[in-house]
1. How many of the residues making up segment B:233-256 are without any contact (Cβ under 8 Å) to a residue 40 or more places away in the chain and of a type in the set (V, I, T)?
2. So which residues in segment B:147-156 are surrounded by 16 or more Cβ atoms within 10 Å (Cβ to Cβ) and within 14 Å of chain A (Cβ to nearest Cβ), if there are any at all?
3. When both residues are 6+ apart or on different chains and their Cβ atoms are under 8 Å apart, which pairs have a first residue that lies in segment A:110-122 and is closer than 10 Å to A:P78 by Cβ, and a second that is assigned to a helix (DSSP H, G or I)?
4. What is the residue count in segment A:1-15 for residues that are over 13 Å from the mean Cα position of the chain (by Cα) and under 17 Å from A:V54 (Cα atoms)?
5. Exactly one condition in (1) on the phi < 0 side of the Ramachandran plot; (2) assigned to a loop (DSSP other than H, G, I, E, B); (3) away from chain B (no Cβ under 13 Å) is not met by A:A68; state its number.
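The values are calculated or read from the model by the stated rules, or taken from the named source; none is laboratory data. Since this is a predicted model, take the numbers as computed values, not measurements. We place every Cβ from the backbone using ideal geometry, glycine too, and count neighbours over all the protein chains shown.
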Amino acid sequence: MAKNIMIVDDSASLRQVVGIALRGAGYDVVEACDGKDALNKLDGRKLHLIISDVNMPNMDGISFVKAAKQLPAYKFTPVIMLTTEAGNDMKQQGQAAGAKAWVVKPFQPAQMLTAVSKLVLP
Amino acid sequence: MRSEAAAQKLPFAPLSGPAKPLLTPVSGSLLISALLGAASVLLAAGFAPLAIGLAGFLLAVGGGLAFYARQRCDLALGEAQSAIRRELEQQASAQLTQRLGGLETLCAGVLPIWSGQIRLVGGLTEDSITALANRFGDISQDLEKTLAESQGGGGMFELLSEAQQQFDVITESFRASLTNRQVLLEKITAMSGNTEQLKTMARSVAEIAKQTNLLALNAAIEAARAGEAGRGFAVVADEVRKLSTLSGDTGRKITETVEVVNSAIAEALAGTLKYMDQDQTQQLAADAAITRMVGRLREGATELTDSTQLLRSRSQSIGEEVTDILVALQFQDRVSQVLGHVSGDMDKLQNRLREQEAERAAGRAAELIDADTWLSELSRTYTVPEQHVVHHGGKPPATTGSDDITFF
């Protein structure tokens, strides 16, 4: 059975690009257009990994990860932050929020899949 | 602050001007008159003490008057200069206010249009790039399917080898059948040799029957000669003669039957030999045909495998190209963020101008926009590293796929 990965990004094209890479590797993909939309979709469904942008309207990625970690069902779901931000301050914020990895856009699909395979829940 | 700015941009030189002359025309005239008066007194009255005192008095009065005239002139001149400066400053301020008002009106009209245009472009490119990504995603999936299916092309050789093995089994079976037929033929030939013995034996039976018949005939003669005593023996001799006749008939029938069987065996042998020759010819032809066919199929399989290998190689190259394109398409995310910041800043400026206008309409002094603070706030909104480079006047570097992954 394929593993489920949620992609949270306000850019539809970026969601599409990430989705192509993940689906090509055999994962099922759930898409959300911002942090608020993503929280609404954390409805108890099994997620093996979350990939989230940082800068988004309505709710940014850091706030979303903090909120997701408060939910018992997603407390241990690994999170990869995928963003154009490369500053150490932002990375530290992501780590403090509970993210497991920080990937800077534009990403190489192979590198992304490496990170995903390392972190995805069994 | 505004007056300072206006003063800095005044279209004329400041009125402080060059250093003031020591004497004005009026004060100079008074001083010269006093000097002339003092000289006249001294010339007319000689250098008597009284005359010297009077001349000194005249000089003091003239100098005092000259000094007073100088002060009055300076005061009047200063007042005139101040009046002119105020007038010019007011004119400059009015011009500046007029120009700033025009700029604010322009900004209020054009900023929402620019912002809207930027959002429109951002939306159009986002839609187009998403559609492109979809297309390339489909291409990528199709390529993967093609590659996966082409993996089976290499099994053609295994299939051919298996077919050849099956053909070999059939051919071997055919050869074994021919061998068996050969053995059978030899046995039938051997059996044909046995029929000669049967014929000899049949002839022997006929000869024995003939002799027995003669013997029975002699016995009957001897029985007749014996008269009544030989009557019973005559009966026996007659039965023996009948048996010999039957034996002779049986011998002939055996001979005839052996002839028929021998003839049938001979025909069967002839037919079998003929078919064996045909079978051997057909087997050789079949072997040759199978070898040719397998050879051609092997050549075809080799060509097919080469083509498949080429196809796979090309597909992999295209797949890598598509991956690169998918990486490149991520520029849209950066474009969206940069355009979002630009349009957001335009909206912010528009709102700020509206607030200023509202303040002025309410008769209050509007807070002026500080450019340094504004730029600093704008810089803090940047999320793409290249924005900082551009902000400080640099040339943005080319962006490529990043290997920057940090695990916590």
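1. Of the residues in segment B:233-256, 4 are without any contact (Cβ under 8 Å) to a residue 40 or more places away in the chain and of a type in the set (V, I, T).
2. Those that are surrounded by 16 or more Cβ atoms within 10 Å (Cβ to Cβ) and within 14 Å of chain A (Cβ to nearest Cβ): none in segment B:147-156.
3. Pairs that qualify, where the first residue is closer than 10 Å to A:P78 by Cβ and the partner is assigned to a helix (DSSP H, G or I), are A:V116/A:L22.
4. Restricting attention to segment A:1-15, the residues satisfying the condition of being over 13 Å from the mean Cα position of the chain (by Cα) are A:1-3, A:11-13.
Remaining after also requiring under 17 Å from A:V54 (Cα atoms): A:11-13.
Residues that pass the stated criteria total 3.
5. (2)
Table: residues versus (1) at pLDDT below 95; (2) surrounded by 19 or more Cβ atoms within 10 Å (Cβ to Cβ); (3) touching a Pro at 6+ places or on another chain (Cβ under 6 Å); (4) more than 12 Å from A:L82 (Cα to Cα).
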site: A:V8; (1), (2), (3), (4): no, yes, no, no
site: A:V18; (1), (2), (3), (4): yes, yes, no, no
site: A:R23; (1), (2), (3), (4): yes, no, no, yes
site: A:V30; (1), (2), (3), (4): no, no, no, yes
site: A:G35; (1), (2), (3), (4): no, yes, no, yes
site: A:A38; (1), (2), (3), (4): no, yes, no, yes
site: A:K41; (1), (2), (3), (4): no, no, no, yes
site: A:L47; (1), (2), (3), (4): no, yes, no, yes
site: A:I51; (1), (2), (3), (4): no, yes, no, no
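Conditions (1) more than 13 Å from chain B (Cβ to nearest Cβ); (2) at pLDDT below 95; (3) part of a loop (DSSP other than H, G, I, E, B); (4) in contact with a helix residue (DSSP H, G or I) (Cβ under 9 Å, 6 or more places away or on another chain), marked per residue:
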site	(1), (2), (3), (4)
A:N55	no, yes, yes, yes
A:M59	yes, no, yes, yes
A:T77	yes, no, yes, yes
A:I80	no, no, no, yes
A:M90	no, yes, no, yes
A:A115	no, yes, no, no
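Quick grid of which residues meet (1) of a type in the set (F, W, Y); (2) over 30 Å from B:V327 (Cα atoms); (3) within 13 Å of another protein chain (Cβ to nearest Cβ):
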{"position": "B:G101", "(1), (2), (3)": "no, yes, no"}
{"position": "B:L120", "(1), (2), (3)": "no, no, no"}
{"position": "B:L124", "(1), (2), (3)": "no, no, yes"}
{"position": "B:E144", "(1), (2), (3)": "no, no, yes"}
{"position": "B:E158", "(1), (2), (3)": "no, yes, no"}
{"position": "B:Q166", "(1), (2), (3)": "no, yes, no"}
